[in-house]
Amino acid sequence: MFPVYAALVAVVVVYIRYSLRIVEQHERGLVQTFGQYSRTVNPGLSLIFPPFQTMRFVDVREQVLDVPPQEVITKDNAAVTVDAVIYFQVTDPFKVVYNISNFVLAITKLAQTNLRNIIGEMELDHVLTSREHINKQLRQALDEASDKWGVRANRVEIQKVEPPRDITDSMSKQMKAEREKRAAILDAEGAKQAFILKGEGERQSAILKAEGQKQSAILQAEGQAQAMMKVADAEKYQTEIVFTAIHNGKPTNDLIAIKYLETLAKMAQGQATKIFMPVESTSLLGSLAGVKELFVDQAKAKNN
């Protein structure tokens with residue numbers, strides 16, 4: 001009897017082992033009874049009754065799907081190679097299992113088809129510069145189509161857009177020419193600015209130099225004027241002193257005549273060949289006659 005009980009216990013343990021199922025946090029369990037869907041199990045411990053019931057696990061985490069590269073013809077008949085990455089997440093485990101047999105293949109083909117449609121309506125230049133626009137349109141198209149599959153397309157990214165080799169070479173030459181053009185423009189602008197700044201500097205230098213010369217001339221003129229005023233003041237003072245001394249000494253006409261003769265003698269010692277006598281010399285000559293008479297009278301007195 002013991003072997004029978006042992007075998008029965010082993011069968012019960014095995015049955016319980018397959019009856020108790022643990023659903024992970026990132027999973028959902030679909031329970032089927034006699035092949036028909038019965039319920040969805042949330043994370044935790046769940047009990048089923050095999051072989052009448054089975055459980056299928058569905059991962060509800062965000063997943064990444066790489067869309068294989070494909071050639072697409074643009075609106076201006078340029079062939080480009082495009083590939084993309086799709087970030088999707090299961091929102092309804094029932095739909096993703098029972099509404100579509102191979103979801104990965106379906107969404108991959110759907111992405112390739114929509115890429116051809118979207119890029120086929122755009123020119124090459126627009127394709128190369130509008131990745132964000134392509135991503136948005138493709139995500140919207142995938143999200144609408146995959147809603148009935150219980151999947152949400154969270155994000156779509158275009159990884160690579162490769163034009164043909166000849167177009168790439170032409171674009172490279174165009175970019176090089178554009179860079180050289182910008183460099184030439186920048187050089188010209190720099191030379192222009194340098195010339196303007198140089199002219200402005202020379203103008204400012206000339207203005208400052210003229211201002212300096214002006215101030216120097218003003219200061220020199222003011223110095224000369226002050227010097228002339230000092231000299232005039234000194235001569236005025238000297239003349240006043242001499243005039244006062246002369247008037248205080250009460251000089252006679254004879255003395256004045258003698259001083260006049262001394263002055264004429266000094267004038268005659270110069271290099272000039274002509275001497276101009278002042279108009280007042282006639283009155284002085286009369287004084288000289290008086291001096292002569294004075295000397296004659298003194299001579300006669302000595303002889304007597």
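The values are calculated or read from the model by the stated rules, or taken from the named source; none is laboratory data. Model, not experiment: these values are computed from the prediction. Neighbour counts run over all protein chains shown; Cβ positions are idealised from the backbone, glycine included.
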Matching entry among Val4, Val12 (being at pLDDT below 90, exposed (fewer than 10 other Cβ atoms within 10 Å of the Cβ), in a helix (DSSP H, G or I) and among the β-branched types (Val, Ile, Thr)): Val4
Scan of region 84-111 for residues that are part of a helix (DSSP H, G or I) and free of Cβ contacts under 8 Å to residues at least 40 places away in the same chain, ordered by number: Val104, Leu105, Lys109, Leu110
Subset of region 90-105 (residues that are surrounded by 15 or more Cβ atoms within 10 Å (Cβ to Cβ), touching a Lys or Arg at 6+ places or on another chain (Cβ under 9 Å) and under 16 Å from Leu65 (Cβ atoms)): Val90, Ile100
Yes/no for Arg28 being surrounded by 11 or more Cβ atoms within 10 Å (Cβ to Cβ), assigned to a strand (DSSP E or B) and free of Cβ contacts under 8 Å to residues at least 40 places away in the same chain: no
Residue match in region 62-72 (condition: on the phi > 0 side of the Ramachandran plot and surrounded by 11 or more Cβ atoms within 10 Å (Cβ to Cβ)): no
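A quick yes/no check of all residues on (1) assigned to a strand (DSSP E or B); (2) surrounded by 14 or more Cβ atoms within 10 Å (Cβ to Cβ):
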{"residue": "Thr113", "(1), (2)": "no, no"}
{"residue": "Leu128", "(1), (2)": "no, yes"}
{"residue": "Ile134", "(1), (2)": "no, yes"}
{"residue": "Asp147", "(1), (2)": "no, yes"}
{"residue": "Arg152", "(1), (2)": "yes, yes"}
{"residue": "Val156", "(1), (2)": "yes, yes"}
{"residue": "Lys160", "(1), (2)": "yes, no"}
Residue check for Gln193: within 28 Å of the chain's Cα centre (by Cα) and assigned to a helix (DSSP H, G or I): yes
Selection count, region 45-83, where residues are over 30 Å from Asp169 (Cβ atoms), within 48 Å of the chain's Cα centre (by Cα) and not in a strand (DSSP E or B): 2
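Can you tell me which residue among Asp166, Asp143 is touching a Lys or Arg at 6+ places or on another chain (Cβ under 9 Å) and without any contact (Cβ under 8 Å) to a residue 40 or more places away in the chain?
Asp143
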Long-range neighbours under 7 Å by Cβ, at least six apart or interchain, first residue outside any helix (DSSP H, G or I) within region 216-227, second exposed (fewer than 10 other Cβ atoms within 10 Å of the Cβ) and at pLDDT 85 or above: none
Criterion: within 29 Å of Asp125 (Cβ to Cβ) and loosely packed, with under 13 Cβ neighbours inside 10 Å - qualifying residue of Asn77, Asn42: Asn77
